[in-house]
Every structure is written in C-alpha cells, then in structure tokens.
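K.L.:
One structure follows; several queries about it will come next.
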Amino acid sequence: MSTTETQILDALQSMCYQNCYTGKVERDYNGQVAGTLVTDSGALSAEAEALRILAEHGRFRIVAEGGRMVVGYWPENDPQKKEIGK
C-alpha cells in the first residue's frame, strides 16, 4: 500500500493544527488583520518548513516570514477568503 501526496499533506496539516500557535491578532501588521485568528510556527524549524509546504499546496497562506518564523492563515480564518465568499 502506498501513501498518496494527499494523505501526506493531510497528516502534515493535522500536525500543524496541533503544534502551531493560533491566536487572535489585536492590531494590523505584517499582513495580519486585527480581530482575525493568525497561526505561527513558534520559531520552530520543523513547523516553519511544514507551513511553507502547506502554503505551496494552497492549504495555508503566509503573510510574513523570516527564518524559523512563519505567520499566516488557515483557509477558514483567512480574511481574504471570507471577503471573496461574500
């Protein structure tokens, strides 16, 4: 039995949902919108790389990054997606 790309991405996304910090932003900065739930890698290399991979596949949107720190939105929290869906 082989593992598909989708299964690997699903597992990676599940791990990031559990291990990466998500919290409400209090003010606008670096592409983040006040009052929205933003996720970050916690300055951990593995989480940063995982979020970058997920972003390459449209499962996460990066708004700021530097080294081990990646910050962005899951699709359900992304203010750009919510505006598109109105």
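K.L.:
Given (1) 9.6; (2) 6.2; (3) 7.0, which label gives mean projected area of the Cα convex hull in nm² as computed from the coordinates?
P.N.:
This structure yields the entry labelled (2).
K.L.:
Helix 45-56 versus the longest principal axis of the chain: what is the Cα-based angle in degrees, 0 to 90, to the nearest 10?
P.N.:
90 degrees
K.L.:
Right, next: I want to verify a result. In a Gaussian network model of the chain, Cα cutoff 10 Å, which of these has the top mean-square fluctuation: 49, 76, 65?
P.N.:
Taking springs between Cα atoms under 10 Å, the residue moving most is 76.
K.L.:
Using a Gaussian network model of the chain with C-alpha springs under 10 Å, which one of 48, 64, 11 is most mobile by mean-square fluctuation?
P.N.:
Highest fluctuation among the options: 11.
K.L.:
Another one. For residue 8, what accessible area in Å² do you get when you roll a 1.4 Å probe over the heavy atoms of the protein chains, rounding to the nearest 10?
P.N.:
Approximately 100 Å² for this residue.
K.L.:
Name the residue, out of 71, 38, 63, whose mean-square fluctuation peaks in a Gaussian network model built on the chain with Cα pairs under 10 Å.
P.N.:
Its mean-square fluctuation being the largest, the pick is 63.
K.L.:
Oh, and also: Roughly how tilted is helix 5-19, in degrees to the nearest 10 and between 0 and 90, from the longest Cα axis of the chain?
P.N.:
50 degrees
K.L.:
Just by accessible area at a 1.4 angstrom probe, what is the order of 81, 24 from largest to smallest? Mind dumping the intermediate values first?
P.N.:
Working: 81 105, 24 140 Å².
These residues rank, largest area first, as 24, 81.
K.L.:
Roughly how big is the chain's charge dipole about its Cα centre, with Cβ charges of +1 (Lys, Arg) and -1 (Asp, Glu), in debye to the nearest 20? Don't jump to the answer; show the numbers that get you there.
P.N.:
Working: 9 positive and 12 negative charges, 43 e Å.
In debye, rounded to 20, the chain gives about 200.
K.L.:
Could you compute the net charge surrounding residue 67? Neighbours are other residues with a C-beta less than 15 Å from the C-beta of residue 67; K and R count +1, D and E count -1. Walk me through the numbers before you get to the answer.
P.N.:
On the way: positive: 52, 68; negative: 40, 47, 49, 65.
Charge balance in the 15 Å sphere: -2.
K.L.:
Something else about it: Rounded to the nearest 500, what is the chain's calculated 222 nm mean residue ellipticity when only DSSP H runs of at least 4 contribute -39500 (n - 2.57) each, over all residues? Don't jump to the answer; show the numbers that get you there.
P.N.:
Values: 3 runs with 33 residues, N = 86.
After summing the helix terms and dividing by the residues of the chain, the value is -11500 deg cm²/dmol.
K.L.:
Can I ask one more? Round to the nearest 0.05 the FRET efficiency obtained for residue 34 and residue 2 when R0 = 30 Å and r is the Cβ-Cβ distance. Walk me through the numbers before you get to the answer.
P.N.:
Values: r = 45 Å, r/R0 = 1.49.
Computed FRET efficiency for residue 34 and residue 2: 0.10.
The values are calculated or read from the model by the stated rules, or taken from the named source; none is laboratory data. This structure is a prediction, so every number in the text was calculated from the model and none was measured. In this analysis, Cβ positions are derived from the backbone assuming ideal geometry, glycine residues included, and neighbour counts consider all displayed protein chains. Surface accessibility is based on the protein's heavy atoms, side chains included, excluding ligands, DNA and RNA. Shrake-Rupley method; radii C 1.70, N 1.55, O 1.52, S 1.80 Å.
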